[in-house]
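All remarks here apply to the structure that follows.
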Amino acid sequence: MALNSAYPLAHKTLEKQKTIVEVNGIKIGSEDLAIIAGPCAVESEEQLYEIGSFLANNGIKIMRGGAYKPRTSPYSFQGLMEDGLKLLKGVSQKYDMAIITEVLDLSLLDTVYPYTDILQIGARNMKNYHFLKELGKTDKPILLKRGMDATIEEWLLAAEYILMGGNEQVILCERGIRTFDHTTRNTMDIAAIPLVKQLSHLPIIADPSQATGNRDMVGPLSLAAIAAGADGLMIEVHNDPEKALSDGPQSLYFKQFSELLIKLKSFGELNGKIFPKFQLKTQIN
Ligand code: PEP
Ligand code: MN
């Protein structure tokens, strides 16, 4: 424990240099590059199975998909809720992929818990301290997104709330912060990655999809995040982005996602991360 730190449990110390969170054979925080991919939201059985089959064919081991969506407008698609959770479970079993899905608030924790392998805590909830304390009592990995207005210290203090409860499996996720420039949806804070690596033993991944809001920037920023030291990526992919009910403009086409994987694979190794696990079976035409 770093005794004179504001966040002694999250702080890196001589004794505690790194935390590795293992999910479906992927050791997040080790030399494995964790790639989490899937749609922003679960929309239908057909959509989820088509995406699931594509991802599994490409060697992806952790699939994302929101069943409860935190939408800015109450008139936007809110998610399929429990039906969405059931579809995620089905895909997970059929294709041997772990699932990550968002828990919107404490009242939904018991509902979501049995269906997911990683509990995603969204940017809008990073400062929901009572919720964070309760998450500390659970035994599943937690993906803690950075709040869109959160400083690095506030983010690590949020992680501290979870760690204090005894849950040590916390993964941080940089997903862009809100700045004066609205050309991109958010501003991807690449500097946060090496900074967090210096300060904390916790693994950190990047979400270039929420960070940019633009599918054409997802590939370049994925590479930038790995170069900066990220332990993994969370990427939105859709079988038909034009018709997506949530975050279509930032969702990759299958072809784009395959091309990104091929690029990553061609490096073989990048900044200490190795890519041996991908078996690219999808033809690119
Ligand atoms: C998401 O991953 O779809 C999402 C809503 O993320 P964030 O909490 O980072 O906005
Ligand atoms: Mn999204």
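Can you confirm whether the stretch 46-54 contains a residue that is away from ligand 2 (no atom under 16 Å from the Cβ) and in contact with a strand residue (DSSP E or B) (Cβ under 9 Å, 6 or more places away or on another chain)?
yes
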Going by what's in this entry, would E50 be described as acidic (D, E), within 14 Å of ligand 1 (Cβ to nearest atom) and either touching a residue at least 12 places away in the same chain (Cβ under 8 Å) or in a loop (DSSP other than H, G, I, E, B) (or both)? no
Can you find a residue that is farther than 25 Å from I262 by Cβ, open to solvent by 40 Å² or more (accessible area, probe 1.4 Å) and not in a strand (DSSP E or B) anywhere in the stretch 198-212? yes
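One line per residue, one yes/no per condition, for (1) of a type outside the set (A, V, I, L, M, F, W, C); (2) under 27 Å from H201 (Cα atoms); (3) in contact with a Cys (Cβ under 6 Å, 6 or more places away or on another chain):
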| site | (1), (2), (3) |
| --- | --- |
| T212 | yes, yes, no |
| H238 | yes, no, no |
| P241 | yes, no, no |
| P249 | yes, no, no |
| L252 | no, no, no |
| F257 | no, no, no |
| L260 | no, no, no |
| K263 | yes, no, no |
Scanning for something within 16 Å of ligand 2 (Cβ to nearest atom) and either buried (at least 21 other Cβ atoms within 10 Å of the Cβ) or within 30 Å of Y129 (Cβ to Cβ) (or both), does the stretch 26-35 turn up at least one residue? no
Kindly indicate whether any position in the stretch 237-247 is away from ligand 1 (no atom under 15 Å from the Cβ), out of contact with any Gly (no Cβ under 9 Å at 6 or more places or on another chain), among the polar types (S, T, N, Q) and not in a loop (DSSP other than H, G, I, E, B). no
Just to check your reading of the model, which residue among T19, T101 is polar (S, T, N, Q), modelled with pLDDT of 95 or more and in a strand (DSSP E or B)? T101
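I'd like the residue in the stretch 248-285 that is assigned to a loop (DSSP other than H, G, I, E, B) and at pLDDT 95 or above and, out of all such residues, is most open to solvent (accessible area, probe 1.4 Å).
From the stretch 248-285, those assigned to a loop (DSSP other than H, G, I, E, B) are 251, 253, 268, 271-272, 275-285; that's our starting set.
Checking which are at pLDDT 95 or above leaves us with 251, 253.
Values: S251: 1, Y253: 80 Å².
Checking each candidate, the answer is Y253.
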Which residue is surrounded by the fewest Cβ atoms within 10 Å (Cβ to Cβ), if the candidates are limited to the stretch 152-194 and must be outside any loop (DSSP other than H, G, I, E, B), touching a residue at least 60 places away in the same chain (Cβ under 8 Å) and of a type in the set (D, E, K, R)? E153
Go through the stretch 45-74 and report how many residues are open to solvent by 20 Å² or more (accessible area, probe 1.4 Å) and small (G, A, S). 3
Out of the residues in the stretch 213-247 that are open to solvent by less than 30 Å² (accessible area, probe 1.4 Å), within 15 Å of ligand 2 (Cβ to nearest atom) and hydrophobic (A, V, I, L, M, F, W, C), which is nearest to the chain's Cα centre (by Cα)? M234
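To keep it simple, each residue is scored yes or no on (1) in contact with a Cys (Cβ under 8 Å, 6 or more places away or on another chain); (2) among the hydrophobic types (A, V, I, L, M, F, W, C); (3) away from ligand 2 (no atom under 16 Å from the Cβ); (4) closer than 19 Å to E102 by Cα.
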residue	(1), (2), (3), (4)
R124	no, no, no, yes
Y129	no, no, yes, yes
K133	no, no, yes, yes
D149	no, no, yes, no
E154	no, no, yes, no
I162	no, yes, yes, yes
G166	no, no, yes, no
R175	no, no, no, yes
R185	no, no, no, no
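Which one of L108, L85 is touching a helix residue (DSSP H, G or I) at 6+ places or on another chain (Cβ under 7 Å), away from ligand 2 (no atom under 16 Å from the Cβ) and open to solvent by less than 40 Å² (accessible area, probe 1.4 Å)?
After ruling out the rest, the residue left standing is L85.
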Return yes when A2 is farther than 20 Å from Q210 by Cα, in a loop (DSSP other than H, G, I, E, B) and at pLDDT below 95 and no when it is not. yes
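The values are calculated or read from the model by the stated rules, or taken from the named source; none is laboratory data. Computed from a predicted model, the values in this text were never measured in an experiment. All Cβ positions, even for glycine, are placed from backbone atoms using ideal geometry, and neighbour counts span all protein chains on display. Quick note on the areas: whole protein, heavy atoms, side chains included, nothing else; ligands and nucleic acids left out. Shrake-Rupley method; radii C 1.70, N 1.55, O 1.52, S 1.80 Å.
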